[in-house]
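Derivation of every value follows stated rules applied to the coordinates shown; laboratory data play no part. What you are looking at is a predicted structure, and each value in this text was computed from that prediction instead of being measured. Note: ideal-geometry Cβ built from the backbone for every residue, glycine included; neighbour counts use all protein chains shown.
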Amino acid sequence: MRQKLMVAALVLITAAYCWGLGWIAWGFSRAGGTIGWGLALGVGILLALTVWVTWREVLFGLAAGRLAHEYRPEPGDQEQIEAEPSAAEEQQRAKEPVAADQAEFEAARTAIEQEGRQDWQAWFRLALAYDALRDRRSARAATRRAIEVRRQGPDPR
C-alpha cells in the first residue's frame, strides 16, 4: 500500500509540474512574437514529453505488478519467500551479492537459454534474479521482455 501511495504522490507532483509548464507556455504565447511563440513551443514539447514518460512508466508499473501477482515459481526453483529482512541484513546484502542470489541468477539464465524464450515466467524469474543482484537496468529489461512475451500469447506450461 505504501508503494501505491508513493506513486500517487509522484503522479500528483508531476501533474502540478505539468500545470506549471502549461501556465508558463500560456504566458509565453500571450507575449506573442517569434521568441514568445518559440519558447511556448519548447515548453509545450517539454510538457508533452513529461506526460508521455509518466504515462509509460505508470503502465510499466501496472504491467509488472500484474506479472508479480500471477508469477508462481516452479517447485524446483530456488526462490524462497522470506520475511522482511532487517536493516543490517539489507546493508550486508547491498555490499556484496549473496552466493544464493548468484546461483538463482545462473539458474534463471540457464532456464531461458534452454527452454523458456517464450515463457514469461522464466523472464520474470530472471528479472527477480537481476534485482536480487542489484542490477536494476537488466532487471527492468527482463521485466519488459516478460511483459512482451505475456502479451504475445498464453503460457506454454
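Odds and ends about this structure:
- Judged by the mean number of other Cβ atoms found within 10 Å, the most tightly packed of the peptides 138-147, 17-26, 52-61 leads the ranking 138-147, 17-26, 52-61.
- Note on Cys18/Ala141: beta-carbon distance plugged into 1/(1 + (r/R0)^6) with R0 of 35 Å gives a FRET efficiency of 0.80.
- At q = 0.16, 0.21, 0.24 Å⁻¹ the log10 of I(q)/I(0) for the range 2-70 amounts to -0.63, -0.85, -0.98, computed by Debye summation with a single uniform scatterer per C-alpha, solvent ignored.
- Cβ-defined net charge surrounding Gly61, 13 Å radius [Lys, Arg +1; Asp, Glu -1]: +4
- Relative contact order, percent, the range 2-70 [alpha-carbon distance under 8 Å, six or more residues apart]: 27 percent
- Net charge contributed by nearby residues that have their C-beta within less than 15 Å of Lys4 (K/R +1, D/E -1): +1
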